[in-house]
Amino acid sequence: MGSELQAHVAFHLTGKRMGPSLQAADGLHLRPGLLARFGDLTQLRYDFPLVLVAGRADETGIQSLSALVNGILQAIAPRGIEGEATRRHVLRLEREIRTLAANGDTGPLSRLWDLTAKRIGAPGDPALAGSLGRARAALQVDGEVVDCTHALPARVITHAWRALQQRKAERFDQEIKRLILKLSDILQADFVRSGAGTSAARLKASVGTGMEEAFDFQALSNTLAQVSGKDTLPDSRRQRVERTLSVLKARQSRTQAGWPDDLKSCAFANCRDALAAFRNRLPEIIDLVKAMAIAELEIEGRYMEATHDPYFADFDESSVGAKDLSLFPDYLVCIGSESLQGPENAGLMGILSSEMPIKVLVQVSDVLEEPALRVHLGLVAPPAQLGKMAMGLGNAYVLQSSSSHLYQMRRRIFAGLAYTGPALFSVFSGSPPGAGTLPPYLLAAAALQSRAFPAFTYDPAAGPDWATRFALDGNPQPEVDWPVHEFGYEDEAHQSVTEQMAFTFVDFVACDPQHARHFAVVPQAEWNGSMVPVGSSLTSDSSAVAGKVPYVQMVDGDHALQRALVDEKLIAAAHRCREIWHSLQELGGVRSSQAERLLARERKVWEEQKQREIEALKREVKPVSPAAPAAAAPAAPAVKPVAAEAEPEERSDDPYIETPRCTTCNECTNLNNRMFAYDANKQAYITDINAGTYRELVEAAESCQVSIIHPGKPRNPNEPGIAELLKRAEPFL
Ligand code: SF4
């Protein structure tokens, strides 16, 4: 083993750079190759910034500026050349608003719109002013503009929570008013039938001054006195109705005085305070729920003292269910994952395992703090595992997402906040302290892409089983371990090269300079075949990559391609991350180890059966004796085994797979699922030769356990390292 290779292996195993050639990764402004093309986000049209539209208690309360602008352009800019100038003007305005938001200037969209229109010179440019004026008139909504920053998760969740509480309060007030009205009607009807209600004076007052000469009210009263009082309410019922009415009216007067419109009293910065406030409010909730239940029974005439008196006498907190609690304002707790220790952690678990309508946002700002990296090695529960643990409690709505994905998750955010029980929103904000120069949006998106912080929801109210309750929506390429993307660059000969590259947990860690010690940069002169891309290292079986050192493709501050070796500790953490992802895939029905096992068993049975049939066919072919006597007959050509005589088939230069022999081990499809795919029998074939590189073909051939992938000749003779690849491909041609 050469000294360079020794140094590479030593770094991989120990994390220590030995020898002069390997370079520390810190200070080089490295970022994973696949993120290289995302420089200035303000030049991109993507989901951010968002517009938080006030007063909307559904997904339309969270909108994307780009989507709003698209809607406006559809309305005002004709298709084709005619609408071109308008489109250009409005898109310019959108870009400027995005820049303002990225620079921290927030506020209502209407304000940023007007400010931007002025800045880009609309007042002095009639065409521009005309386009922007028409667009402004078509703008139907307004709301706070927010970018993907550290503050985003709390702003989005709080905004949606407020809108829902407002709607809930309005509905609750309507219900209280209805009950008060109906109970008042019962008392009023009783009064009308009573002696006081049928007195001459009362009858006269009810008719009014215009008609008082037309009636003899005393005679009318005497007549009614003969029937009045016969059907009046029993005292016990009247008193019960009066008591109930007073509880409802007291609640109504507090609402009119502003309670609980002040939602600030329902928002908390820790679980302990939220729990204490909920317990303080519980007696009042019990009284009100009891009053509403009695009112309903009285209104429907179904109250039976023998049955209901004892029930309501013992009415306490155990009588109040999640449905009753859902009538009242939910509490909201916003905390950082760093505070989840000791009592706070216990408080969170207490909330999530109860029926209390408390919604908790846990903002995770660092998935990779070193203890968390240890967690991926199985030592401590990491923030990325919080959502999965909460699902295990069974009763809470759980949403896990990166902040970059919150717009996509908006419908589920509202669903979680409207859920009758507790809910957990675990959101990675993409902004760990000291995380370098990557914008929070990119870091959050990288966490989602790399499976370091996958998105999922668990809704206990959605149905009876996991298939209906659990959703793995929004994760890129959910069927594979690591999503694969095209990576284009220019090689040393200035040839453009395109590769398929997996974005793995290691790539995500590489985004954070705090973890630079897990990487060592190799000078280009030392790049060799004993190095393996980390995507292949993490998807191939261990024997296929034995002795090879994994590296991650990076781009430095000068946009030059670099290879950084990865230490064993980080590779182990990536494997652990992949296992967690596998368990989520199983929950989401993307893969099923039980089904795969069954399939393998059935395939084995099928293969054995086929083998028996082939053997039987072979036995049926009788060998012809080569020793026929020369004189017996003209010599016939000897029949020889076909295989021995057959001309060797001309080898094709095209790659191919002996598909019928495929054992569905997933190696090639994991390596590049655009190039390799399964047919209806779940056996691999090459679906698109242009979807990958010759290197991937060779690596797939090397990793195929039954050696049935034949890479053929390279299509691109200029592919980097082609000489070495051709040598490696030889055994498979
Ligand atoms: S690597 Fe070979 S055996 Fe495995 S799926 Fe691909 S072709 Fe089939």
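The values are calculated or read from the model by the stated rules, or taken from the named source; none is laboratory data. Remember, predicted model here, so these are calculated numbers, not experimental data. We place every Cβ from the backbone using ideal geometry, glycine too, and count neighbours over all the protein chains shown.
What number of residues within region 46-67 are assigned to a loop (DSSP other than H, G, I, E, B) and crowded, with 16+ Cβ neighbours inside 10 Å?
Final tally of qualifying residues: 6.
Residue-by-condition table, conditions (1) surrounded by 15 or more Cβ atoms within 10 Å (Cβ to Cβ); (2) modelled with pLDDT of 80 or more; (3) on the phi < 0 side of the Ramachandran plot:
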| position | (1), (2), (3) |
| --- | --- |
| Arg576 | yes, yes, yes |
| Glu579 | no, yes, yes |
| Ser583 | no, yes, yes |
| Gly589 | no, yes, no |
| Ser593 | no, no, yes |
| Ala600 | no, no, yes |
| Trp606 | no, yes, yes |
| Gln611 | no, yes, yes |
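Can you tell me which residues in region 662-673 are within 10 Å of the ligand (Cβ to nearest atom), polar (S, T, N, Q) and either free of Cβ contacts under 8 Å to residues at least 24 places away in the same chain or closer than 16 Å to Gln477 by Cβ (or both)?
Scanning region 662-673 gives Asn666, Thr669, Asn670.
Looking at this structure, is Met211 at pLDDT below 95 and either part of a helix (DSSP H, G or I) or not acidic (Asp, Glu) (or both)?
Against the criterion (at pLDDT below 95 and either part of a helix (DSSP H, G or I) or not acidic (Asp, Glu) (or both)), Met211 qualifies.
Restrict the check to region 115-125 and report whether at least one residue is under 30 Å from Pro439 (Cα atoms) and basic (Lys, Arg).
Among the residues of region 115-125, at least one is under 30 Å from Pro439 (Cα atoms) and basic (Lys, Arg), which makes the answer yes.
Looking only at region 1-42, which residues are closer than 19 Å to Met554 by Cα, outside any helix (DSSP H, G or I) and not hydrophobic (A, V, I, L, M, F, W, C)?
Listed by number, the residues that qualify are Gly15, Arg17, Ser21, Gln23, Asp26, Gly27, His29, Arg31, Pro32, Arg37, Gly39, Asp40.
Say whether the condition of being surrounded by fewer than 16 Cβ atoms within 10 Å (Cβ to Cβ) and at negative phi is met by at least one residue in region 443-462.
yes
Output the number of the condition that Thr498 fails; it satisfies all remaining conditions of (1) crowded, with 23+ Cβ neighbours inside 10 Å; (2) among the β-branched types (Val, Ile, Thr); (3) touching a Gly at 6+ places or on another chain (Cβ under 6 Å).
Every listed condition holds for Thr498 apart from (1).
Kindly provide the set of residues from region 674-709 that are surrounded by 14 or more Cβ atoms within 10 Å (Cβ to Cβ), in a helix (DSSP H, G or I) and away from the ligand (no atom under 13 Å from the Cβ), ordered by number.
Listed by number, the residues that qualify are Ile689, Ala691, Tyr694, Arg695.
Whether any residue in region 466-481 is over 16 Å from the mean Cα position of the chain (by Cα), closer than 28 Å to His159 by Cβ, in a loop (DSSP other than H, G, I, E, B) and at pLDDT 90 or above is what I want to check.
no
Within region 324-335, can one find any residue that is under 26 Å from Val367 (Cα atoms), among the aliphatic types (A, V, I, L, M) and assigned to a helix (DSSP H, G or I)?
no
Specify the residue that is nearest to the ligand (Cβ to nearest atom); the eligible residues are those in region 710-733 that are assigned to a helix (DSSP H, G or I) and charged (D, E, K, R).
My answer is Arg728.
Determine which member of the set Pro432, Pro422, Pro439, Pro383 is modelled with pLDDT of 95 or more, farther than 24 Å from Val53 by Cβ and within 22 Å of the chain's Cα centre (by Cα).
Going through Pro432, Pro422, Pro439, Pro383 in turn, the sole match is Pro422.
For residues in region 294-329 being in contact with a Leu (Cβ under 8 Å, 6 or more places away or on another chain) and modelled with pLDDT of 95 or more, which is surrounded by the fewest Cβ atoms within 10 Å (Cβ to Cβ)?
Taking the candidates together, the pick is Glu296.
Go through Val367, Val360 for me and flag whichever is crowded, with 16+ Cβ neighbours inside 10 Å and either touching a Cys at 6+ places or on another chain (Cβ under 8 Å) or modelled with pLDDT of 85 or more (or both).
Val360
Answer yes or no: is there a residue in region 68-90 that is touching an Asp or Glu at 6+ places or on another chain (Cβ under 6 Å), surrounded by 15 or more Cβ atoms within 10 Å (Cβ to Cβ), of a type outside the set (Asp, Glu) and closer than 18 Å to Glu144 by Cα.
Among the residues of region 68-90, at least one is touching an Asp or Glu at 6+ places or on another chain (Cβ under 6 Å), surrounded by 15 or more Cβ atoms within 10 Å (Cβ to Cβ), of a type outside the set (Asp, Glu) and closer than 18 Å to Glu144 by Cα, which makes the answer yes.
Any idea how many residues of region 542-593 are in contact with an Asp or Glu (Cβ under 6 Å, 6 or more places away or on another chain) and assigned to a helix (DSSP H, G or I)?
1
Can you find a residue that is under 30 Å from Ala169 (Cα atoms) and touching a residue at least 12 places away in the same chain (Cβ under 8 Å) anywhere in region 73-87?
No, every residue in region 73-87 fails to be under 30 Å from Ala169 (Cα atoms) and touching a residue at least 12 places away in the same chain (Cβ under 8 Å).
Residue by residue through region 501-539, note down the ones that are in a loop (DSSP other than H, G, I, E, B) and surrounded by 23 or more Cβ atoms within 10 Å (Cβ to Cβ).
Phe503, Thr504, Cys511
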